[in-house]
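Here is the structure we will look at.
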Amino acid sequence: MQNFSDEPHVQTDDELALQTFFKPGISPDDVAPVFLLKRAQPLLQAFTALFHGGFNSVLLRLLVLRELTADVDTPSLTRADINSKLAYLEADSLDTVLSRLRSTGLLSWDASQSVYRISPLARNVLAALESLIQVDDHGDQAEMSYMLTQVAGAQAVGGVSVEQLHHLLGRLIELTEEFSDAIASGSEFQLRTAQQKWHTACDWVEKGSQIIHAITNDSRADAATHRAAQAIGRAQSALLNMQGMFSRALNQIERQRVHLGQSGLSTTDIKTWLLHHPDLASLADDALAYPMTPLFITPSEMIDVAESELLAHRVSAVANALPAGENAPEIAGDDGDALLELDHWLARLSKLQQIQPGKHGVALQEVLLPSSFSVASYRASLLPLLGDANESALQGATAALARLPLSFQSEDKMQRIADPHIAAISVATLAPIARITPNDPMAPATAVAPLTALNKTE
């Protein structure tokens, strides 16, 4: 019965303890989020009963509760049934866990029938935990599946809240900022890791688009829910539009990649090998026969050396003396083989123009092979030049390659091939395209060639 007397309300010990966390003059009951949390006190106490204490104690309570709820044939359990299900536990430990579950309302004891019953609160708590455990087992890199599942379930029963939508919106904004930072870093490894995570996020975005569409068209939702759903739609669009940013950044890195001579290896290959090496310090073993001896120099000696160098240059300038002649260094024609290889490959690519435009092209391995790994890597590194407007305006063999009317299309996967030097190669094709004059208004924009990957046979 509600008390309507004029006597002042006497605060309990719990209310007094809560008041100590707030500033003087501010009552916890005046803060709206505190009221919402206090209203959910039974649910929060259930979580406290399960997760209070060390990890082993929490593990034991969850184990007992999950084993008891696993039997759905009967809604009640006798103590003999419990002892049979959990025969692998010590009797004292089992009694302690059962007593705690009973005291917190997760288990109820029916004295008239001498049986235990699982409370609906306990089943709700376990259902939430099972969803989180299942999401963790699936390895969702974007960490969006659980929040999207909650939104979908709430929408299905007509009870989606603004807080649930805000959690999903916050995660989408965090992912967008994370991907933007990876693109701005210019690191190929960060870009590829972020791109893989981006693909996972896009899969969930496609699944959640119908849910968001249903929320925005739901006449029962309030204005705050509509605004949150529209903000999620804008965040999803910004996330999907990052594909072009990833492609441009990766293609820019591909153009700037440095190849080590004619070996076919690049700096990316070296870094990848170093990242997978278990102990980098062991690479220096036997590299230095003697320890390094540091040399020290005092400021006085530095001044003497600088003075002598300055006077030598000054005397040379006053006397107008020319430096002694030296023979020009001899430079070997290291690029001769590469130029011959490029001319030979251009002749092979020119033959592809005889294929009728619009037909299926030639597989990538038929164009790059047969050859050694270094030659195939050299040819693959030239593929991004196809259709490059800037390169085609220049002179030389690479410019002639850029002007070839060929279309290079690659998929984001690799295939194994039977070759003595190359184990796997990207799934890609080269096909001729119809020649279009530069002033043709219907000419399509120049596309950036995809990346090509080769795996060397061990």
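The values are calculated or read from the model by the stated rules, or taken from the named source; none is laboratory data. For clarity, every value in this text was computed on a predicted model and none was experimentally measured. Positions of Cβ are generated from backbone atoms using ideal geometry, with glycine treated the same way; all protein chains shown enter the neighbour counts.
Going by the conditions given, is residue 232 assigned to a helix (DSSP H, G or I), in contact with a helix residue (DSSP H, G or I) (Cβ under 8 Å, 6 or more places away or on another chain) and within 21 Å of residue 196 (Cα to Cα)?
Details: assigned to a helix (DSSP H, G or I): yes; in contact with a helix residue (DSSP H, G or I) (Cβ under 8 Å, 6 or more places away or on another chain): yes; within 21 Å of residue 196 (Cα to Cα): no.
For residue 232, the condition - assigned to a helix (DSSP H, G or I), in contact with a helix residue (DSSP H, G or I) (Cβ under 8 Å, 6 or more places away or on another chain) and within 21 Å of residue 196 (Cα to Cα) - is not met.
Do you know which residues across region 388-413 are closer than 18 Å to residue 247 by Cα and either of a type in the set (Lys, Arg) or under 31 Å from the mean Cα position of the chain (by Cα) (or both)?
Passing the criteria: 388, 407, 408, 409, 410, 411, 412, 413.
Would you confirm, using the coordinates I've provided, whether residue 84 is polar (S, T, N, Q) and modelled with pLDDT under 85? Lay out the reasoning, then the answer.
Numbers: polar (S, T, N, Q): yes; modelled with pLDDT under 85: no.
For residue 84, the condition - polar (S, T, N, Q) and modelled with pLDDT under 85 - is not met.
Hey, could you check region 393-406 for residues that are within 15 Å of residue 350 (Cβ to Cβ) and small (Gly, Ala, Ser) and say which is surrounded by the most Cβ atoms within 10 Å (Cβ to Cβ)? Working first, answer last.
Restricting attention to region 393-406, the residues satisfying the condition of being within 15 Å of residue 350 (Cβ to Cβ) are 397-406.
Checking which are small (Gly, Ala, Ser) leaves us with 397, 399-400, 402.
Values: 397: 14, 399: 15, 400: 18, 402: 22.
My answer is 402.
Among the numbered criteria (1) surrounded by fewer than 17 Cβ atoms within 10 Å (Cβ to Cβ); (2) modelled with pLDDT of 80 or more, which one does residue 377 miss?
All conditions pass for residue 377, except number (1).
Of the conditions (1) modelled with pLDDT of 80 or more; (2) closer than 30 Å to residue 375 by Cα; (3) aliphatic (A, V, I, L, M), residue 258 satisfies every one except a single condition; which number is it?
(1)
Within the group 189, 179, which residue is more than 20 Å from residue 131 (Cα to Cα), at pLDDT 85 or above, aromatic (Phe, Trp, Tyr) and in a helix (DSSP H, G or I)? Quick ask: steps written out before the conclusion?
On the way: 189 fails: at pLDDT 85 or above.
179 is the lone residue from the list that is more than 20 Å from residue 131 (Cα to Cα), at pLDDT 85 or above, aromatic (Phe, Trp, Tyr) and in a helix (DSSP H, G or I).
For region 382-422, give me the residue count where each residue is basic (Lys, Arg) and either under 16 Å from residue 254 (Cβ atoms) or assigned to a strand (DSSP E or B) (or both).
Going through region 382-422, the residues basic (Lys, Arg) turn out to be 403, 413, 416.
In the following step, the residues that additionally are either under 16 Å from residue 254 (Cβ atoms) or assigned to a strand (DSSP E or B) (or both) were identified as 413, 416.
Here the count works out to 2.
Restricting to region 222-237, name every residue that is surrounded by 15 or more Cβ atoms within 10 Å (Cβ to Cβ) and among the hydrophobic types (A, V, I, L, M, F, W, C).
Of everything in region 222-237, those that are surrounded by 15 or more Cβ atoms within 10 Å (Cβ to Cβ) and among the hydrophobic types (A, V, I, L, M, F, W, C) turn out to be 228, 229, 231, 232, 235.
Only one of these conditions is not met by residue 156: (1) more than 28 Å from residue 413 (Cβ to Cβ); (2) among the small types (Gly, Ala, Ser); (3) in contact (Cβ under 8 Å) with a residue 60 or more places away in the chain; (4) surrounded by fewer than 20 Cβ atoms within 10 Å (Cβ to Cβ). Which number is it?
Unmet condition: (3).
Would you check if there is a residue in region 133-150 being part of a helix (DSSP H, G or I), outside the structural domain of residue 213 (by TED's automatic domain parsing) and either among the hydroxyl-bearing types (Ser, Thr, Tyr) or surrounded by 16 or more Cβ atoms within 10 Å (Cβ to Cβ) (or both)?
yes
Which of the numbered conditions does residue 344 fail, given that it passes all the others? Conditions: (1) more than 34 Å from the chain's Cα centre (by Cα); (2) within 15 Å of residue 432 (Cα to Cα); (3) modelled with pLDDT of 75 or more; (4) of a type outside the set (Ser, Thr, Tyr).
It fails just one condition, (2).
Go through region 324-337 residue by residue and tally those that are of a type outside the set (Asp, Glu) and at pLDDT 65 or above.
Qualifying residue count, region 324-337: 5.
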